[in-house]
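Remarks on the structure that follows.
Read-outs throughout are calculated quantities, based only on the coordinates presented, and are distinct from any laboratory measurement. What you are looking at is a predicted structure, and each value in this text was computed from that prediction instead of being measured. Don't worry about glycine lacking a Cβ; one is built from the backbone with ideal geometry, like all the others, and counts go over all protein chains shown.
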Amino acid sequence: MDNKKGFAWEKDEAKRILVLNGSPRRNSSSTMRVTNAFLKGVESRRKCDIEIVNIYELNIKPCMGCLSCWGRTDGECVITDDDIPQLKQKILEADVIIDSHPIYFFGMPGTVKQMTDRLLSMLLPYCGEVPVEGKPFHEPRYDMSGKRCLLISSCGFTQTELTYDALLKEYDCIFGTENYQAILCPQGNIYASPHFNERTNVFLEKYADAGIEFAENSVISEETIKALRKPIFDERRYSLLVTNYLNGEKAAGDNGKDPE
């Protein structure tokens with residue numbers, strides 16, 4: 001991904017960053033800890049106006065699959081009495097859009113998928129053409145050339161290979177491989193535990209450094225992206241931690257305690 005599409009961050013220019021927080025845990029999300037570290041790095045180098053939208057707090061009705069936005073109403077969804085019209089406007093006004101969400105079952109959390117389906121009206125119809133390699137299946141209806149799109153996501157697995165294949169393929173189809181970058185965080189649940197703060201803080205600094213790199217270069221290098229996918233613990237240690245956690249949850253359930 002390069003700057004050929006017109007995104008460049010001038011030293012004294014303030015960019016508008018829109019974070020779409022798709023975790024049901026909202027501000028206590030492990031993924032948002034990573035995202036906030038990244039934003040901290042960005043803010044340390046560049047002026048920016050950051051808005052965080054918690055998707056789970058929005059009123060989003062499901063897409064009906066009527067495709068009216070591709071035909072009769074030409075870019076406008078027939079559902080107008082929820083928060084999608086305002087969200088579309090925020091996306092159009094932003095310079096940087098960050099999707100921040102975990103994966104639970106190899107894909108987007110349900111509310112994020114519902115939001116994504118409803119944003120179909122921002123794309124032009126697919127009319128049977130074979131997409132050019134690296135390009136999206138649907139061209140954007142609006143000029144998105146001056147924007148950067150990022151995905152920041154955490155998972156409970158040690159590896160990001162295979163785990164993220166389905167999600168990244170979906171993003172490839174929607175955005176095109178050239179039009180977004182993905183920051184993936186394995187063992188993301190570790191970031192929610194204060195017992196590991198000393199260890200996780202070291203890794204959070206790496207995400208902050210990635211934010212600095214993005215602010216200075218308007219892009220994140222492939223070397224940095226690969227480095228950020230390194231897990232906090234090796235597979236054996238992490239397996240023991242997960243087993244102990246699950247045993248603790250089972251014991252709490254047997255004692256009649258509600259899940260936190």
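Please report the projected area of the chain's Cα convex hull averaged over all directions, in nm².
Average projection, Cα convex hull of the chain: 15.5 nm².
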Counting only other residues whose beta carbon sits under 14 Å from that of Ser23, what net charge do I get with K and R as +1, D and E as -1?
+2
Cα pairs beyond 20 Å in segment 1-105, in percent, come to 53
Note the full-extension length gain between Met64 and Arg45 as 0.36 nm times their separation in residues minus their Cα-Cα distance, in nm to one decimal.
2.5 nm
Please give me the summed charge of the neighbours of Tyr126: other residues whose Cβ is under 14 Å from its Cβ, Lys and Arg +1, Asp and Glu -1.
0
What's the lysine pair count for segment 150-254 at a Cα cut-off below 24 Å, pairs eight or more apart or interchain?
4
Check which residues have an amide H placed less than 5 Å from Ile152's amide H, if you skip close sequence neighbours.
Asp99, Ser100, His101, Ile183
Count the net charge of all other residues whose Cβ sits under 12 Å from the Cβ of Ser154, scoring Lys and Arg as +1 and Asp and Glu as -1.
+3
